[in-house]
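The values are calculated or read from the model by the stated rules, or taken from the named source; none is laboratory data. Treat the numbers as computed from the prediction; the structure is a model and nothing was measured. Neighbour counts run over all protein chains shown; Cβ positions are idealised from the backbone, glycine included. Side chains included, ligands, DNA and RNA excluded: accessible areas come from the protein's heavy atoms. Shrake-Rupley method; radii C 1.70, N 1.55, O 1.52, S 1.80 Å.
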Amino acid sequence: MLGLRNAWLNSRTVEATKKKPTQKAPARVARPGTTNRPKTTAPVKKARQKLAKSGKVQDAAKVFEQII
């Protein structure tokens with residue numbers, strides 16, 4: 001009886017440790033007219049943060065330069 005119980009417990013642990021097949025996430029579908037390129041706003045963002053910190057006219061001019 002003890003041997004049968006151990007075999008049963010072993011089969012349960014083997015089944016539990018088997019890896020289940022993972023499902024891949026569905027592919028993202030892009031809307032028409034969109035691009036895959038990320039927007040490069042890093043320089044503008046940094047300039048705006050500097051302007052918010054200092055409040056100088058020169059920093060405001062640099063923000064407008066980055067936008068153009």
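General observations
- Total residues in the stretch 50-68, condition aliphatic (A, V, I, L, M), modelled with pLDDT under 90 and open to solvent by 100 Å² or more (accessible area, probe 1.4 Å): 1
- Any chance ASN36 is at negative phi, polar (S, T, N, Q), at pLDDT below 90 and exposed (fewer than 10 other Cβ atoms within 10 Å of the Cβ): yes
- Residue check for ALA7: at pLDDT below 75, of a type in the set (A, V, I, L, M, F, W, C) and not in a loop (DSSP other than H, G, I, E, B): no
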